[in-house]
Structures are given as structure tokens and as C-alpha cells.
Amino acid sequence: MRVWLWRALVLLAALGLWEAAARMLNPILYVGPSRLPAALVRVLATRDLPPLAGHVWLTLGEIAAAYALAVAGGLWVGFVLGLRKSLGRIYEPLLATLYAVPSVVWYPSLMLFFGLGPSSKIAFGVLLGFFPVTLSVLAGIRQVPATLVAVAVSMGAKPWTLFRKVMLPAMASTMVGGLRSGLALSVVGVLVGELLGARAGLGYVINYAYGLMMTAEYAALVALVAAAVLLLDGAASLVEGRVKRWAG
Amino acid sequence: MTAAAPIVIEGVGKRYVTPSGPIPAVDGVSLTVRPREFVSLLGPSGCGKSTVLGMIGGLVRPDSGAILIDGEPVTGPNPRKVALVFQDPGLFPWRTALDNVGFGLELLGVPAVGRRKIALGLLEPMGLKGFEAKYPRELSGGMRQRVAIARALALDTPILLMDEPFGALDEQTRLLMGEWLVGVRRRTERTIVFVTHSLHEAIALSDRIAVMTARPGRIKDVIEVPLPYPRALDGPEAVALHAKLWAQVREESLRAMEG
Amino acid sequence: MKVLACQALSVVAALAAWEAAVRSGALDPTFIPAPSAILRVFGATLTDTLPRLGDTLLKTLLGYALAVGVGVPAGLLLGSRPTAHAVAMPYVVALYGIPKILILPWIALIFGIGLSTAALAAAVFAIFPVVVLIAAGTRDVDPTLVTVAVSMGASRAQVGRKVLFPAVLPSVLTAMRVAVVFAMLGALLAEMLAGNRGMGFQMQRTALAFRAPELFAATAIVSAVSISVVLFLEHLNQRLGRWR
């Protein structure tokens, strides 16, 4: 498996280059990987920075709330538009058009309406996470094989049973992809919201560090958040794989 | 041997290297194809017949032995002497039927007016008049394969190599295409090497049939088909030939399945 | 046609209901201004808005050009070499999955508040979809097409020009269309986070100052421009891809 070897080499080379470049340049602006562990310790020990724990919990709470609402809303709108073909034909293109707008344009309006507290971050997370969920529901409904439905109906299945035992399993693979994207986007929405204007939360702490030119601490926080996001998405992809295997 | 044989295959062999070790695809195949002859390579799946065709066409280099075309060794693709048709028509989806047919001519630098004339001249007797401006996605499977054959014919090469060209078509279309190919063959004077796993096709089309063994492929037998065209495939000679061929091929097919 | 009429009707009805809600007092105009107020502000500030829009668009364009200039060759390279693809793709996907806004403060720290930061941000956001989409499109090129060309004596240059280029073109166009929205996203984010000009900065400023009509007007303009650009590129994509 020479690929693994190459991948490791690429990673080592990248880290090496980063370290070398950082040492040659202004240490206030450029932080090499060797400085990160110490900075991380400083961050966690809450020296010079606000205590992390509270902010982390707040951010996590915002993400959870945003995702829950995004999924609920996305499923509801997705099913309404998907099952009522007439509504779907009219409103789905409008939904698709909104996709052509860079999502961040909505945030200032949300800040205006909800203020700088957690609700604007949750609202933005909902806004971003809602689209992939809705679109995946619509796509999922479309690809339920008509023959499956016909067979079930011919055996006398009632609408609710039909939905639960035929449509949902057939849609599962497509929908779980949307649920995974929705999570990723809800996370991004909350983080962006906190970075652009907040009084608390992980994004706020990152901004705080950056504002004080505590570049090493800022870099450590970024690495931490990046790792956390990747782990979360990794877990989500495992769940997605499971569901896809079950759904067939 | 009178006139120079267009294709001489001398003891060619080919091994493919796979992660689980080298696999011999072809081992010591020799065959001489006469001018204007229609030879079929018949054999079970995996017997290496496509590899042999690829070697004649200069797309695959043999590990041992040599192939001579008009007395000259094959070193690579030879668009002046050899044209190929594959099972997948391989039409360029972004080009119309006309532009697909003209592709080889385009590579040679033939100007557009000339290309159009030649292409139309080839498409019309194929029953594709009026379809020259259509894209492949608008054509049926049989039509696409006809365009692919027209594209190969456009280079006006003396040799035509065809690798199971009708394999992906349904049975009725296959039979019709076979009849049509016989017609094309009688109009042109090319040497054709035709790979197939269908006995029926081989008997309907060929002057000679080379039966190949299971992997590693060798020529097991070469059978003459001295029947006049058009061929009555339910006539006594054809039936006897079919039985003889089947006895040979069946043995190799079993070996291939067990192998 | 009926669908279009229903859509238009829905939009008009929504706007009318909105206007009515604000006038009747159901919606607080401090937070949600009436459409009429937005229109009035839009007309009044046009001379200020256009240069701001131009500024943002310039940053978007520069970042986009950089992303395409680096991303298209990178995508083609990764897509055509299986080993390179296997080695590099996990890293590309991982980097794609990290919220890119996290490094914007750092870029701003180095390049300051202004054009370079926003253009770089636009490039960073746009490059990932470009590389991923083009790599995928290049991998999907039917190998039979290349075999056909080679068998007809095509030189490497001819294969590249006459087979690979038209085969990959649809993916390239799709990637370029997707990248525009990402580039604009990056530019706007940079303006909001660390900017002093442009539509992003304007939106951030008016939001924090509770100047709702101006905020909504700015939002509407940016949305309209973005939608128009995407629709235009989609139209272009359709015209060039009649054969699909």
C-alpha cells in the first residue's frame, strides 16, 4: 500500500515546510506547528484568555439547537413540497434560486433582528443547515421507485404504513446525506455568526485572541476547532455509511 | 502464398501483470490472414481474442513474437493501414454523427469540405441520411455502432479490425447488423478480422474461423467456411459447421469456466 | 408558463403582505422595514451603492481568477493521475470540510484591511469546489474515447485538444459556475470581518447601526447580482452543452 506511505510523506513535507517558513518570518504573524502544543496548553489553562469551558458549551448548545431546528424545518418543508407535487413545482425552483445567493448576506439582517446574542447564531445555523436537508428530502422522494409503491398499494397498504415501511427506507440513503451536510453547514453557520459579531462563544474567543494579536493562541484554537469539526463530520460519515448499508 | 499477406501473426504472446501475479493472456498465437479475407476470432471469454486484435492494431505491444502488416512490423497505431471498431461505439458525445465520422480525416488534415463529402457518402448507404446532424445521445444503439463503423471506414484502410461490435445490441438488431455488414463487405474490398463469441455470427460472416483456446489463448483450429453469400444458416452445411464449431468451442468454454 | 405565473404571483403576494404587515403595525419597521421604504432608500443611495458594489465585485473577480487559475490545472492533474489522486484527495476533502472562515482573521492580520484580504479570501473559498469538481470530471472521461483517438493515429497534443478538452469542458463550466458564489461569499465575509469598503462592510455597518432599510436594500442588491451572474453562467452552460 504505497499510497499510505506517500500520504504520510506529503503530510510530513507540508508540516516541515510550514515550520521552516514560520521560523524565517515574523513570529508575531506566522506560527509554526511546533508552537501549537504550548499555545494550546495556555489556552486551556485560561491564562490571558477568558475561561474556555463556558464558551465551548455555549457554542455546542447553539449548534445543537440550530441543527435540531434545521432538520425539523427541512424535513417538514421537504415533505410538503415533495408530496404535494403542485406546490413542489412552484416553490422548488424558488428555493433553488436562493441557493445562488452567498449565504452570508442574510446574517447582518439576522443580527439586526435577533441582536448579538445566541439567537442570531442559531438562526443563521438553521438557515444554512435547512437547505441540504430539504433538497435531500425532495431528491429522496423523487427516487423512490414507483414499482415499490405500486406493489405495496396493491397489497392494501394504508398511507401511513406506505410511508413508514416503503418510502422512508427507500429514501434513507439520499436523506442521510442531506442530514450530514446539514450538520456541517449548521456548524459553519454558528461559527461564522460568532466570528462576525458575538459576545460569547468559541468564535468570540477566537476573535478575542486575534484582536490582541495572540497569534499562537489563535492558531491553537483554530486547530482545535478544525480538528473538532473534522471529527464530527467523520462520525457523521460513519453513521451515513451505516444507514446506506442498511438501506441497500 | 501468392500476393503479400496483409496480416501475419507469428507466435505472439502477452502477459498482464496484476497485483496477484502475472496472467498470461495470449501464448504463442500464429495466424496468417489472406488479402480481402474475413477472419473471425472465436473463443470463450478471457481467451485473449481482444488482446490479439489490440496487438494487430498497434494498441498492445506483444511480449514475444511479432506481427507484420504488409510485411512491416507493427510498432504502433497505423491509421493508414488499420482501422478499429470496438464493442463500445466510443462516439464523441460532443460531436454530431457527421463530425464523428470525419474525426480520423480531421487528424490527417483533410479540409472540412472534403470531410463532409466523404462522411455523407458513408452515412447514406448505411441508412443514416438525415441523421448526420444528430448527436450520439439522440441515436439508438444500432445507429451509434453504424456511425462508429462509418468512422472506421472513412480512413479507407485496407484492414478493418472489429472487436465484438454488435455485442451490446439486442438480438434482432444484431442479426440485421450482421446482414448489413455482409453487404458492406461485398461492396468494399477490405481485409477484416472480427472478434466474436457468437458461433452464429462467425458462421454468417466469415471466410475462415480461428477458434481460440481458453486462457492462455492459442489458436486451437482454423476452419474454412466455403459457403456462398447470402448464407442460409439453416442449410445442411451451416448446421454441420455449427456442430463442429460448437464441439471445439464448448470444450474451451468449459475450461474457461473452471479456470 | 402556469408555474411561472404562480411563482410571480407568490412573490408579489408575499411583498404585498409584507408591506401591509408593516403599515398595520404587525411588524416593527425598526427590524423589518416595508418594501416601499427599502425602494426609496435604494433610489436615494444609488450613487453610493454602485462604487461599493463595484468594489466587492472586483474582489470577487480577482479571487475567482486566482482560484480558477490555480484550481483548474490542479484538478486536471489530480484527475488524470490515479496515484496523485489517491494520495492528495483525502487532504483536499479534509481542508474543504474545515470552515474556511477560521483563517480569515489570520489573512487579515497579514494583509490588512482591504482589497488583498478580501481577494485572497474569495480565492480560498472558491478553490476547493473547483479542484474537487474538475478532478471528478477528469476521472470520469470515458477511456474508450482516448483509445479510439489513439487508434486513429492522434498525437498526444491532438488527444488533449480534441478528446480530453471537450470531454472535461462540462465539468470545468460547472465548477466555474459554482465557484462564483463561493468567491463572492469569501469576499463578503472578509469585508464583514475586516473591511472598510464594499457591500459586506456596508451590510455589517448598517446592521449594527439599526439602519434597516439601507441594510435590506444592500442585501437585495447583492442577492440580485449574485442570482443574475449564476443564471447567466447556467444559460452559458446550457448553450455550450447541447450535446448532453
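Just so it is clear, none of the values below were taken in a lab; they were calculated from the coordinates. Keep in mind it's a predicted model, so treat the numbers as computed, not measured. Virtual Cβ from ideal backbone geometry, glycine too; neighbours counted across all protein chains shown.
What residue among B:Gly109, B:Gly167, B:Gly54 shows peak mean-square fluctuation when chain B is described by a Gaussian network model with Cα springs under 10 Å?
Ranking B:Gly109, B:Gly167, B:Gly54 by mean-square fluctuation puts B:Gly109 first.
Helix B:171-187 versus the longest principal axis of chain B: what is the Cα-based angle in degrees, 0 to 90, to the nearest 10?
Here the helix axis deviates by roughly 80 degrees.
Restricting to bridges with both residues inside the protein assembly as shown, how much of the DSSP beta-bridge set is antiparallel, in percent to the nearest 5? Provide the component values of the computation, followed by the final result.
Values: 22 of 41 bridges.
If we restrict to bridges inside the protein assembly as shown, about 55 percent are antiparallel.
Please order B:Glu106, A:Glu194, B:Glu224 by the number of other Cβ within 10 Å, starting at the fewest. All intermediate terms of the calculation are to be shown ahead of the outcome.
On the way: B:Glu106 18, A:Glu194 28, B:Glu224 10.
Final ranking by Cβ density, sparse to dense: B:Glu224, B:Glu106, A:Glu194.
When Cβ neighbours within 10 Å are restricted to other protein chains, what is their mean count per residue of peptide A:187-198? Mind showing how you got there, number by number?
Details: counts 2, 6, 1, 1, 3, 9, 0, 1, 8, 8, 5, 0.
Across the residues of A:187-198, the mean count of other-chain Cβ atoms within 10 Å is 4.
Just from its helices, what would the mean residue ellipticity at 222 nm be for chain C, if runs of 4 or more DSSP H residues each count -39500 (n - 2.57) and the sum is divided by every residue, rounded to the nearest 500 deg cm²/dmol?
Details: 11 runs with 200 residues, N = 244.
It lands at -28000 deg cm²/dmol.
Can you pull the one-decimal nm distance between simple spin-label points at A:Ala64 and A:Leu83, each 7 Å off the Cα toward Cβ?
So the label points at A:Ala64 and A:Leu83 sit 3.0 nm apart.
Run through every distinct alpha carbon pair of the range C:56-240 and return the Kirkwood hydrodynamic radius in angstroms, one decimal place. Mind showing how you got there, number by number?
Values: mean 1/r = 0.0557 Å⁻¹.
In the range C:56-240 this quantity evaluates to 18.0 Å.
Under a plain spin-label model, where a point goes 7 Å from the Cα along Cα-to-Cβ, how far apart in nm are C:Ile227 and A:Met213?
Label-label distance for C:Ile227 and A:Met213, simple model: 4.5 nm.
Given the rule -39500 (n - 2.57) for each run of at least 4 DSSP H residues, summed and divided by the residues of chain B, what is its mean residue ellipticity at 222 nm, to the nearest 500 deg cm²/dmol?
Rounded to the nearest 500, it is -10500 deg cm²/dmol.
Using 7 Å Cα-to-Cβ label points, what is the C:Arg239/A:Leu238 separation (nm, one decimal)?
Those two pseudo-labels are separated by 5.1 nm.
Compute the FRET efficiency between A:Val56 and C:Thr144 as 1/(1 + (r/R0)^6), taking r as their Cβ-Cβ distance and R0 = 35 Å, and round to the nearest 0.05. The partial results should precede the final answer.
On the way: r = 54 Å, r/R0 = 1.55.
The formula returns an efficiency of 0.05 here.
Could you compute the FRET efficiency for A:Ala45 and C:Asn196, with r as their C-beta to C-beta distance and R0 at 35 Å, rounded to 0.05?
Working from the Cβ atoms, E equals 0.45.
Given that compact globular proteins tend to follow 2.2 N^0.38 Å, what is the ratio of the alpha-carbon Rg of chain A to that value? Please list the in-between numbers first.
Numbers: Rg = 22.6 Å, N = 248, 2.2 N^0.38 = 17.9 Å.
Cα Rg divided by the expected 2.2 N^0.38 Å: 1.26.
Using DSSP H assignments, which helices in chain C have an axial alpha-carbon span of 27 Å or above and a mean Kyte-Doolittle hydropathy of -0.5 or higher? Please list the in-between numbers first.
Working: long enough: C:2-24 (32 Å, 1.18); C:46-80 (49 Å, 0.97); C:115-139 (36 Å, 1.94); C:165-194 (41 Å, 1.82); C:212-240 (42 Å, 1.14).
Helices meeting the span and hydropathy rule in chain C are C:2-24, C:46-80, C:115-139, C:165-194, C:212-240.
Pairs A:Lys85/B:Lys134; A:Lys244/C:Lys100; B:Lys220/B:Lys244; C:Lys59/C:Lys100: which are spaced more than 22 Å apart, C-alpha to C-alpha? Don't jump to the answer; show the numbers that get you there.
Details: A:Lys85/B:Lys134 34 Å; A:Lys244/C:Lys100 29 Å; B:Lys220/B:Lys244 13 Å; C:Lys59/C:Lys100 17 Å.
Pairs exceeding the cut-off: A:Lys85/B:Lys134; A:Lys244/C:Lys100.
Looking at chain C as a GNM with Cα springs under 10 Å, which of C:Val146, C:Val72, C:Val229 has the largest mean-square fluctuation?
Among C:Val146, C:Val72, C:Val229, the largest GNM mean-square fluctuation belongs to C:Val146.
Determine which residues of the range A:71-96 fall in the zone a paramagnetic label at A:Val149 would reach in this model, i.e. backbone nitrogen under 11 Å from the point 7 Å along Cα→Cβ.
Counting only backbone N, you get A:82-85.
To the nearest 10 degrees, how steep is helix B:236-258 against the longest Cα principal axis of chain B, on a 0 to 90 scale?
The angle comes out at about 70 degrees.
Residues of the range B:152-178 with the amide nitrogen closer than 17 Å to a label point 7 Å from the Cα of B:Lys134, along Cα-to-Cβ, please.
What the label zone holds, given the 17 Å backbone N cut-off, is B:169-170, B:173-174, B:177.
Pull up the cross-link candidates among the aspartates and glutamates for C:Lys2, meaning alpha carbon to alpha carbon under 19 Å and not fewer than 8 places away within one chain.
A:Glu92
Using only the alpha carbons of chain B, what is the convex hull's orientation-averaged projected area in square nanometres?
Details: hull surface 59.1 nm².
Here the figure is 14.8 nm², rounded to one decimal.
Among A:Ser103, A:Ser173, A:Ser154, which one shows the highest mean-square fluctuation when chain A is modelled as a Gaussian network with alpha-carbon springs under 10 Å?
Highest fluctuation among the options: A:Ser154.
What FRET efficiency, computed as 1/(1 + (r/R0)^6) with R0 = 41 Å and r the Cβ-Cβ distance, is obtained for C:Ile110 and C:Asp28, rounded to the nearest 0.05?
Numbers: r = 42 Å, r/R0 = 1.02.
Once the sixth-power term is evaluated, E becomes 0.45.
How many angstrom lie between the Cα centre of the range C:52-73 and the Cα centre of the range A:1-49?
Centre-to-centre distance over Cα atoms comes out at 29 Å.
Among the aspartates and glutamates, select those whose C-alpha is under 14 Å from the C-alpha of B:Lys81, and discard any that sit fewer than 8 residues away in the same chain.
Excluding near neighbours in sequence, the set is B:Asp70, B:Glu72, B:Asp156, B:Glu189.
Specify the angular offset, from 0 to 90 degrees and rounded to the nearest 10, of the alpha carbon long axis of helix B:112-123 from the longest principal axis of the alpha carbons in chain B.
In chain B, helix B:112-123 runs at an angle near 60 degrees to the longest axis.
Could you let me know the centre-to-centre spacing of the range B:38-99 and the range C:139-191, using Cα atoms, in angstrom?
The two parts, judged by their Cα centres, are 28 Å apart.
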